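Here the structure comes first, spelled out in structure tokens, and everything after it is commentary.
The values are calculated or read from the model by the stated rules, or taken from the named source; none is laboratory data. Note that this is a predicted model, so its numbers are computed, not measured. No Cβ is skipped: glycine too gets one built from the backbone with ideal geometry, and neighbour counts run over all protein chains shown. Side chains included, ligands, DNA and RNA excluded: accessible areas come from the protein's heavy atoms. Shrake-Rupley method; radii C 1.70, N 1.55, O 1.52, S 1.80 Å.
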Amino acid sequence: MRPKIVAGNWKMNLTFEKADQLLFEIGELIEEKKTKGVEIIICPPSPYLELATDFAQDFEIKVGAQNVSQYEDGAYTGEISAAMLSSIDIDFSIVGHSERRKYFAETNASLAAKVDRLLEYGIQPIFCIGEQLEERESNKHFEVVKSQLVEGIFHLSQSEFSNIVIAYEPVWAIGTGKTASPEQAQEMHAFIRQLIIDQYGEEQAHETSILYGGSCNAKNAKELFAQADVDGGLIGGASLKAEEFMAIANSF
Ligand code: 13P
């Protein structure tokens, strides 16, 4: 059975002290509530990755990066390679977040290369897809999501693909307080799962976790996670508050 996952994407937030404090508070809540059957992934800014991996030695969490270079190594100032992430025991990396597509001109082709680098180093990509508001309004959302999948990850072999986690994040729902309705989320997640069936077969599709992201919070998580094809969430703003994040993790 595919894992249920709640991942916190801290984005470019928090100073070192505040990050340390947030991890500490999350740790206390994990001890208290003994969250069962949910994989918790924390994706802090890169300077705090090791802080989080230290914490992961004592608590049941996994650590993810927010981005990775498409290049192997060498003269790429400011970039962080998959080899570097692997050398500090990072388990996951977000790839293709809409903010990176928008502000850093990431394309499906560069994202496909990032996914390849991660898999070479045994790091699981959390591959983000999702349409913009105009695309949904002009009824192009299915087409857009399909091309993001086809161009970004459907070049993988089945054994490579078995390491992928998908996050459907409609761009109009990110940081806007405007969540997709449970029906909208389920409709798209079922569409994504059908595309995986067509490409890799029933069994693989059944094993692939598809997360929802976009204004997911402690109030709406239960209804979203109750949908048949929603296997958890990629949480932005609400992952910066320990109580709220752990309430989401306990929403299955
Ligand atoms: P918000 O939860 O802040 O809408 O962000 C979602 C997101 O982009 C997670 O990657």
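Brief remarks follow.
- Paired Rg and Dmax values of segment 196-246, which use every Cα atom, in angstrom: 13.3, 40
- Ligands, DNA and RNA excluded, the heavy atoms of I164 present near 10 Å² of accessible surface to a 1.4 Å solvent probe.
- Protein-only accessible surface order, largest first, of H206, H141 at 1.4 Å: H206, H141
- Highest-MSF residue in the chain out of L211, L111, L156 [GNM, Cα springs under 10 Å]: L156
- For D91, D54, the ranking by accessible surface with the largest value first comes to D54, D91, using a 1.4 Å probe.
- 10 Å-binned pair-distance histogram of segment 80-145 (Cα, whole percent): 21, 44, 24, 10, 1
- Taking the Cα centre of segment 162-248 as origin and assigning +1 to Lys and Arg Cβ atoms and -1 to Asp and Glu Cβ atoms, the resulting dipole is close to 420 debye.
- Taking the alpha carbon gyration tensor of segment 16-102, multiplying each eigenvalue by 5 and rooting it gives semi-axes of 26, 13, 12 Å, largest first.
- Residue-normalised accessible area of segment 174-252, given per residue in Å² at a 1.4 Å probe: 41 Å²
- Across the alpha-carbon atoms of segment 113-252, the computed radius of gyration and Dmax are 14.8, 40 angstrom.
- Signed unit charges on C-beta, dipole axis of the chain, positive-most listed residue Y76, P45, H97: H97
- Whole-number D in µm² s⁻¹ for segment 52-176, Kirkwood Cα-pair radius fed into Stokes-Einstein, 37 °C, 0.692 mPa s: 215 µm²/s
- Its Cα gyration tensor gives the chain an equivalent ellipsoid; the semi-axes, largest first and in whole Å, are 25, 23, 17.
- Carbon/sulfur fraction of accessible area - segment 58-119, other protein chains in place, 1.4 Å, %: 49 percent
- Gap separating the Cα centres of segment 42-99 and segment 132-162, nearest whole Å: 24 Å
- Accessible area (Å², per residue) of segment 1-99, counting only protein heavy atoms and a probe of 1.4 Å: 52 Å²
- Segment 69-204 - charge dipole about Cα centre, Lys and Arg +1 at Cβ, Asp and Glu -1, debye rounded to 20: 300 debye
- Accessible surface of segment 130-252 [probe 1.4 Å, protein heavy atoms]: carbon and sulfur percent: 48 percent
- Charge dipole (debye, nearest 20) of the chain; +1 at Cβ of Lys and Arg, -1 at Cβ of Asp and Glu: 540 debye
- Loop-located trypsin sites (Lys or Arg not before Pro) in segment 24-101 (DSSP state not H, G, I, E or B) with no more than 16 neighbouring Cβ atoms inside 10 Å: K34, K36.
- Here is the list for segment 67-131: chymotrypsin sites (Phe, Trp or Tyr not before Pro) lying in DSSP coil, each with at most 10 other C-beta atoms within 10 angstrom of its C-beta, are F104.
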